[in-house]
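The values are calculated or read from the model by the stated rules, or taken from the named source; none is laboratory data. Note that the structure is a prediction, hence the values are computed from the model and not measured. Heads up, the Cβs are rebuilt from the backbone with ideal geometry, glycines too, and the neighbour counts pull from every protein chain shown. For accessibility, only protein heavy atoms count, side chains too; no ligands or nucleic acids. Shrake-Rupley method; radii C 1.70, N 1.55, O 1.52, S 1.80 Å.
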Amino acid sequence: MMRFAVGRGGLSLLAVRRACLLYRSTHSAPQSDYRPIKKVMVANRGEIAIRVFRACTELGIRTVAVYSEQDTGQMHRQKADEAYLIGKGQTPVAAYLHIPDIIQVAKDNNVDAIHPGYGFLSERADFAQACADAGVMFIGPSPETVRKMGDKVEARSLAIKAGVPVVPGTDSPIACLQEAQVFAQTYGFPIIFKAAYGGGGRGMRVVREYEVSLSSAAVHDHFLRYKPALSPCFLLQVGYENAGTVEFLVDKHGKHYFIEVNSRLQVEHTVTEEITDVDLVHAQLRVCEGRSLPELGLKQDKIRVNGCAIQCRVTTEDPARGFQPDTGRIEVFRSGEGMGIRLDSASAYQGAVISPHYDSLLVKVIASGKDLQTAASKMSRALAEFRVRGVKTNIPFLQNVFSNHQFLHSTVDTQFIDENQELFNLKPTQNRAQKLLHYLGHVMVNGPTTPLPVKAKPSSIDPVIPRVTMGDPPVGFRDVLLRDGPEGFAKAVRAHKGLLLMDTTFRDAHQSLLATRVRTHDLKLISPFVSHNFSNLFSLENWGGATFDVAMRFLSECPWKRLQELRALIPNVPFQMLLRGANAVGYTNYPDNAVFKFCEVAKENGMDIFRVFDSLNYLPNMLLGMEAAGSAGGVVEAAISYTGDVSDPMRQKYSLDYYVKLADELVKAGTHILCIKDMAGLLKPESSKLLVRALRDRFPDVPIHVHSHDTAGAGVAAMLACAEAGADVVDVAVDSMAGMTSQPSMGAIVACAKGTELDTGIALEKVFDYSEYWEVARGLYAPFDCTATMKSGNADVYENEIPGGQYTNLHFQAHSMGLGHKFKEVKKAYTEANKLLGDLIKVTPSSKIVGDLAQFMVQNNLTRAEVEERADELSFPLSVVEFLQGHVGIPHGGFPEPFRSKVLKSLPRIEGRPGASLPPLDFKSLEEGLRAAHGDEITPEDVMSAAMYPKVFQEFKDFTSNFGPVDCLSTRLFLDGPKIAEEFEVELERGKILHIKALALGDLNKAGQREVFFELNGQLRSVLVKDTVAMKEMKFHPKAQKSIKGQVGAPMPGKVEKGQPLCVLSAMKMETVVNSPLAGTIKAVHVTADSSLEGDDLILEIEE
């Protein structure tokens, strides 16, 4: 809970004041009363115990600590000269309340005096009396005074007798509701209910109009504490001795009203010390010995209030969750220090374990200066310097307080927090370094977080980045696009002499060869070289398609950030993306406005050319994608997905006439560029010439762009044939990322065209440098490299027509399932499945549908004839069923019958474009939900990611919340983690570099964790990592899954108590009622009364 106190000379701004007093009824004592103290016990724990120990040491007094069984590792027992266990077998709090044990330890160890600190027994008259009975001095008022001051009603009566103004209140504790109602009718609202015998604010309630609302004293009563030098005369009447605190309320006119007396040292005594230069604990000890105040040089007229002091209690509490206490291990602790800053702490150090048993105070920060603004400035600076990792703290809330104009320059009162809810707009801490250590430790203990197709290690050799000349990159085709717009760009492409190339290395090449796993880190390293040496590329394909979801799903990086960063590094070459028509970058249908919005956001982030296709060449789906890309201001490149063989007269379903007629529709629809998308590499030189010539003759002014794969090995020949027939652009990949299921070789095309009409204008030696980088970089992705199982391409692709990327994936899957020797059968089944479905255009997602059916046939040992015969009784893959229902669109030639009817039976069928009937996506509502779940840092790009892939985006955000910006790590570290004793650097951002060294892996502890040790920027750091393998054999309390509404998790650590509506968690002074998140029936209860819980432990499950 946030604690805050201010002390200053003036009185005009006070809302709640506490007067710290050091008092003796007799100002001069006879010398015979003097009893020197040689040994002091502190019957307390934490920072107040250490505060007293330090004062004793300064005065030459020996110190004794007491501690509970739960506090064996606490700092206060180490700071004392002696330390003894008390309350064995007792609960954590009860141990410090066990008077017999405390007195016995004092007597056994010749303790002269006991200091009670604050809290626990500090205001217990029976404890003060027990000390007196045992012949041990009690450092505080007499037992009778403690009793009188502890009774809030009696203390109030004494104040009235002494003529001290008091807040209107009852003369005695109320016994029933009627008494409270009479009081409320007399004095009006609001009123405060307060425990007659104290309680530290626990249970205090503010009541407004017969409606009770929780007003935690720790937030309101303890928020502002000013320390004026006041000496109420009524203390003389009770013979008050030693230190104490008098609480007042102050109204807007500056009038003071007595509330109560705390007969002990106050938590905020440090403020009084800073502004008066009086050591109150020193004085307490000397007064207890029998010294008078004049002997100590403490006369009221000599005490001067100098400047201003502010105290903040930094606690392990989460302001975002109602200041609920947090527990755990402090992984990082760095305090704010410097001139004008004082720190009083006990458990504030790296490695300290914060338990739920005691007060959540971590450290008291006291700032002092000549005035409020100066002290506040120092406090703000000190809070900003703090770094506390591993547990939540209230520091963000405190920082908001010190940036609040009303607080710094105006009057504040007890409603300050209620009236300034912006204080709870907490700026999230980044904690990037520690999160990255958690990730590295996780990989070291549990292995890679992304699935590895094969058991191969990433190469230990990093690629050498070729030299790049200084200065801006040369002018490229993007400059033409920005100057002349999409139409002017298309004309420039058509008018260009020579063959233009699109480089697919940044997308389709690694999708085909490396399972789409190439990270932004490695793309960024080579980007400046590409920008400076390949400015005459038509475009760079670097985004969209499978790379969008894979970036989040497997690489834990934001696809939008990739686009933004590459755009900044390559400003001169047009970027091209793959847009799946009405499916955008997903595998399903989206509302039309989602597709339009996606294209708009992509264009804003630097995308230039949208290659729009549909997996079935279904025109309505394509037209929607084209319109969306065009409306966003992008270059529309409508793609005809190619299958079959136009040079084979026996294959007439996808004839030359079919493709020309489809192209007619696309050109009419306004495409800027016409693309032939040969995703399986089926174009042979002869069919290439036939198709391209037909299109060139039909559309002489429209640029033609050809995309293919080199699975059969004829890719270079086919692309050269396309160029000779009139194609303007062909797709290539750099040599070391070309061939097989990727695109044809860039170097081969450049070399073959050199000196001819098709000359690309690209320097071959630069291609070699580019290729060398990727040859070494490819080694980093060895676990995903298709060459681990596939050693060459295969011309049987002309028969099975498997697209390049899918060919690689099927090969991986067959080997991982132990069916590598049966891959030939898988390919044959693919051919048969394609025929079953009516001979489809095969590209994502239709290619997956064919693949799913093929695997279904192999797994169930079914032939095509058997599938057709038993279609009405087999349980087909969902993708197959949904395709037949019409979820993907309508295939050329219609659905296969009677196969479709036998599979679907009475299932509903979609007529027309699948997405046309979907209601518009409510982006505002989506954004509000994301902000509620993830905070205000949500961007328009995040909203778009969530619209495309809700579950994947949620998992991505959860991952980065736990592990930070892993995209900063090198690929080997990301996949394999560091080796012990390895030193490396991680650049978080420009000018912020982490120097890390992996030191050691610890043994398994009882919680199923291993401690992993690092050196970070020269300082020892460690993280606790759950060993997922070991934990499978250990039993733990289940955690509530946030994605399941019916699972109720503990909002904070604590114990379960009986209560309504579900249960009550209790931890020290914090009680939390756990309410039901939904209406339903309780399915299972996972706790019992007195269960000890950690945060997010599963309490119960509710079924709607």
By residue number, the members of segment 371-386 that are open to solvent by 40 Å² or more (accessible area, probe 1.4 Å) and under 25 Å from His256 (Cα atoms) are Asp371, Gln373
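Output the number of residues of segment 624-653 satisfying the condition of being surrounded by 21 or more Cβ atoms within 10 Å (Cβ to Cβ) and either within 22 Å of Asn583 (Cβ to Cβ) or among the basic types (Lys, Arg) (or both).
Adding up the residues that qualify gives 15.
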Residue count, segment 164-199, condition over 25 Å from Arg124 (Cα atoms) and open to solvent by 60 Å² or more (accessible area, probe 1.4 Å), comes to 12
The condition of being open to solvent by less than 10 Å² (accessible area, probe 1.4 Å) and assigned to a loop (DSSP other than H, G, I, E, B) holds, among Val601, Val585, only for Val585
Those residues of segment 814-865 that are modelled with pLDDT under 85 and open to solvent by less than 20 Å² (accessible area, probe 1.4 Å) come to a total of 3
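Whether any residue in segment 111-130 is open to solvent by 40 Å² or more (accessible area, probe 1.4 Å), in a loop (DSSP other than H, G, I, E, B) and polar (S, T, N, Q) is what I want to check.
Quick first cut of segment 111-130, residues open to solvent by 40 Å² or more (accessible area, probe 1.4 Å) only: 112, 120, 123-124, 126, 129.
Those still in the list that are in a loop (DSSP other than H, G, I, E, B) too: 112, 120, 123-124.
If we keep only those that are polar (S, T, N, Q) too, we end up with none.
No; the residues of segment 111-130 include none that is open to solvent by 40 Å² or more (accessible area, probe 1.4 Å), in a loop (DSSP other than H, G, I, E, B) and polar (S, T, N, Q).
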Expected output for segment 560-572 (first residue of a type in the set (Asp, Glu), partner open to solvent by less than 30 Å² (accessible area, probe 1.4 Å) and not in a loop (DSSP other than H, G, I, E, B), Cβ below 8 Å, 6+ apart or cross-chain) is Glu565/Thr520
The number of residues in segment 139-158 that are over 51 Å from the mean Cα position of the chain (by Cα), touching a residue at least 40 places away in the same chain (Cβ under 8 Å) and over 22 Å from Asn44 (Cα atoms) is 2
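May I ask you to list the residues in segment 387-401 that are more than 20 Å from the chain's Cα centre (by Cα) and surrounded by 22 or more Cβ atoms within 10 Å (Cβ to Cβ)? Break it down stepwise before answering.
Here is the first cut: in segment 387-401, the residues more than 20 Å from the chain's Cα centre (by Cα) are 398-401.
Listed by number, the residues that qualify are Leu398, Val401.
Looking at segment 458-541, what helices (runs of 4 or more DSSP H) fall wholly within it and have at least 1 residues that are acidic (Asp, Glu), open to solvent by 40 Å² or more (accessible area, probe 1.4 Å) and farther than 17 Å from Asp735 by Cβ?
Working: elements: 477-495, 508-513, 520-533.
Hits in segment 458-541: 477-495.
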For segment 159-188, pairs from a residue that is under 16 Å from Phe258 (Cβ atoms) to a residue that is open to solvent by 70 Å² or more (accessible area, probe 1.4 Å) and not hydrophobic (A, V, I, L, M, F, W, C), with Cβ under 7 Å and 6 or more apart or across chains, are Ala162/Gln237; Pro165/Lys255; Pro168/Tyr187
query = Looking at segment 936-944, is at least one residue over 25 Å from Lys603 (Cβ atoms), among the polar types (S, T, N, Q) and modelled with pLDDT of 95 or more?
reply = no
Okay, strands (runs of 3 or more DSSP E) sitting entirely in segment 299-399 with 1 or more residues that are in contact (Cβ under 8 Å) with a residue 40 or more places away in the chain and within 29 Å of His934 (Cβ to Cβ), I get 308-315, 332-334, 361-369, 387-389
Scanning segment 420-457 for residues that are open to solvent by less than 40 Å² (accessible area, probe 1.4 Å) and β-branched (Val, Ile, Thr), the one farthest from Gly935 (Cα to Cα) turns out to be Val454
| said: Can you find a residue that is in contact with a Pro (Cβ under 9 Å, 6 or more places away or on another chain), open to solvent by 10 Å² or more (accessible area, probe 1.4 Å), acidic (Asp, Glu) and assigned to a loop (DSSP other than H, G, I, E, B) anywhere in segment 77-86? | reply: no
**Item:** Ser906 assigned to a loop (DSSP other than H, G, I, E, B), within 30 Å of Glu825 (Cβ to Cβ), of a type outside the set (A, V, I, L, M) and open to solvent by 60 Å² or more (accessible area, probe 1.4 Å)
**Value:** no
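Answer yes or no as to whether Val314 is farther than 20 Å from Arg51 by Cα, under 24 Å from the mean Cα position of the chain (by Cα) and not aromatic (Phe, Trp, Tyr).
Values: farther than 20 Å from Arg51 by Cα: no; under 24 Å from the mean Cα position of the chain (by Cα): yes; not aromatic (Phe, Trp, Tyr): yes.
When the stated conditions are applied, Val314 does not pass them.
Of all residues in segment 760-811, how many are of a type in the set (A, V, I, L, M, F, W, C) and either surrounded by 21 or more Cβ atoms within 10 Å (Cβ to Cβ) or within 30 Å of Asp645 (Cα to Cα) (or both)? It would help to see each step written out before you state the result.
As a first pass, look at segment 760-811 and keep what is of a type in the set (A, V, I, L, M, F, W, C): 762-764, 767-768, 774, 776-777, 780, 782, 784, 786, 788, 790, 795, 797, 802, 810.
Right, trim to either surrounded by 21 or more Cβ atoms within 10 Å (Cβ to Cβ) or within 30 Å of Asp645 (Cα to Cα) (or both) and you get 762, 767, 774, 777, 780, 784, 786, 790, 795, 797, 802, 810.
Matching residues across segment 760-811 total 12.
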Those residues of segment 402-421 which are modelled with pLDDT of 85 or more and within 17 Å of Ser380 (Cα to Cα) amount to Phe402, Ser403, Asn404, His405, Gln406, Phe407, Leu408
If we ask which residues in segment 480-512 are in contact with a Leu (Cβ under 6 Å, 6 or more places away or on another chain), of a type in the set (A, V, I, L, M) and over 21 Å from Val716 (Cβ atoms), their number turns out to be 0
